Amino acid sequence: MVKNVELKRANISKYLHYDQDLLNVQILHETVSTNDDAKKLHLNQSEAIALVATNKQTAGRGRRGKSFYSELAHGLYFSFAFTPQSPDPEEFPMYTILAAAALVKVLEKYVPEPASIKWVNDIFYQGRKVSGILSEMGLNFQTDNTPYIVVGIGINFAGVFKQADEDVQAVAGTLFGEHIPHEFDQNHFLADFINAFLDFHFTFQSKNFLPIYEKHLLGIGEKVFYKMDGKSQSGVIKGINDKGNLLVIKEDESVEALVGQAIEFGSKQFVKDKIP
Ligand code: BTN
């Protein structure tokens with residue numbers, strides 16, 4: 001029997017290590033963007049962590065105003081919305097790092113080779129991008145401007161990208177190839193991810209996700225190209241610092257820390273296709 005039939009709240013809940021009351025889970029047959037849905041759900045009931053999941057988005061968003069292809073035959077798109085553990089806004093972007101570390105950790109159980117992280121928010125498997133993470137933040141006006149964070153994750157389990165645009169086709173891949181494995185259970189997978197994400201969330205101050213992130217960082221020791229405030233630059237990847245910024249060694253041997261939004265860091269340069 002194929003287990004990957006449909007997302008069901010009860011089939012996710014049975015694998016959760018955390019109390020059901022902690023999470024407000026909503027499953028949608030199809031939606032525009034789970035980041036928007038999770039935000040709404042959280043703002044209506046801000047004590048709980050909102051989680052919205054679907055297998056189809058009609059306008060999935062990526063970073064820097066890009067879209068995220070969300071109509072794969074077997075894709076999972078979901079978002080958490082919650083109050084951050086740390087009140088320091090400078091630490092909010094670390095939730096992208098946390099989510100990436102949780103994902104590569106969970107993937108160890110599901111795929112034979114280790115997954116890699118292309119800084120800051122892309123997960124690569126066998127040379128192609130199989131997942132993207134989009135973190136957004138805002139203030140809850142109903143509760144004295146308490147900050148909230150939305151972390152959205154899209155995962156390409158299986159299928160082909162024939163219908164996607166050229167840019168997606170050049171970079172995207174799947175975890176399992178064209179077909180979903182017979183024994184794969186997306187409800188169990190999502191529960192494993194929720195457990196890993198919440199483990200890191202509740203121990204946020206220890207930053208125990210940073211070493212996992214760095215261990216899986218793609219391109220250490222390699223020369224890479226990026227744009228900073230629109231200006232082309234290059235450097236050799238050294239690792240990350242304790243804020244999750246990417247450290248690159250410049251030609252004059254100085255080390256530069258690359259910080260979030262100002263950096264354009266193309267994924268194409270990391271694509272490695274197997275030679276047949
Ligand atoms: C990226 O690749 O730049 C990030 C992609 C993030 C996609 C996920 S899918 C679930 C959630 N909803 C969205 O609209 N985007 C995120």
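Counting only trypsin sites (Lys or Arg not before Pro) that DSSP places in a loop and that have at most 16 other Cβ atoms within 10 Å, the longest clean stretch of the chain runs over 163-242. When the listed pairs Lys129/Lys272; Lys56/Lys118; Lys129/Lys274; Lys56/Lys272; Lys105/Lys223; Lys66/Lys227 are checked against a 18 Å cut-off, the alpha-carbon distance exceeds it for Lys56/Lys118; Lys56/Lys272; Lys105/Lys223. Computed over protein heavy atoms with a 1.4 Å probe, the accessible surface of region 1-159 works out to 45 Å² per residue. Think of each Lys and Arg Cβ as +1 and each Asp and Glu Cβ as -1; about the Cα centre, that makes the dipole of the chain roughly 520 debye. Here the 3J(HN,Hα) profile of region 121-137, calculated from phi with Karplus coefficients 6.51, -1.76 and 1.60 at θ = phi - 60°, is 9, 10, 10, 10, 9, 6, x, 9, 6, 10, 7, x, 10, 10, 9, 10, 9 Hz, Gly and Pro shown as x. The accessible surface of the chain, taken with every protein chain in place and a 1.4 Å probe, is 51 percent carbon and sulfur. Taken as Cα centroids, region 1-66 and region 201-221 sit 24 Å apart, rounded to the nearest whole angstrom.
Computed from the Kirkwood radius of its Cα pairs, the Stokes-Einstein diffusion coefficient for the chain at 10 °C and 1.306 mPa s stands at 83 µm²/s.
So how much slack lies between Ala170 and Ile220, counting 0.36 nm per residue of separation and subtracting their Cα-Cα distance, in nm?
Net length gain for the segment: 15.8 nm.
Taking the chain as a Gaussian network of alpha-carbon nodes connected by springs under 10 Å, the highest mean-square fluctuation of the residues Asp37, Asp199, Asp242 belongs to Asp242.
Could you please report the charge total around Val271, scoring K, R as +1 and D, E as -1 over all other residues with beta-carbon less than 14 angstrom from its beta-carbon?
Values: positive: Lys118, Arg128, Lys129, Lys268, Lys272, Lys274; negative: Asp122, Glu166, Asp167, Glu222, Asp273.
Here the count lands on +1.
Here's how it looks for Ser135: its modeled amide H is under 5 Å from those of Gly152, which are all 5 or more places away or on a different chain.
In this rough spin-label picture, where each label sits 7 Å from Cα along the Cβ direction, the Gln20-Asp199 distance is 2.4 nm. Tell me the net charge near Asp242. Cut-off is 14 Å between Cβ atoms, Asp242 excluded, with +1 for each Lys or Arg and -1 for each Asp or Glu. Within the 14 Å Cβ shell, the charges total -1.
The values are calculated or read from the model by the stated rules, or taken from the named source; none is laboratory data. In this text, all values refer to a predicted model and were calculated from it rather than measured experimentally. Neighbour counts run over all protein chains shown; Cβ positions are idealised from the backbone, glycine included. Remember, those area values only see protein heavy atoms, side chains included, never the ligands or the DNA or RNA. Shrake-Rupley method; radii C 1.70, N 1.55, O 1.52, S 1.80 Å.
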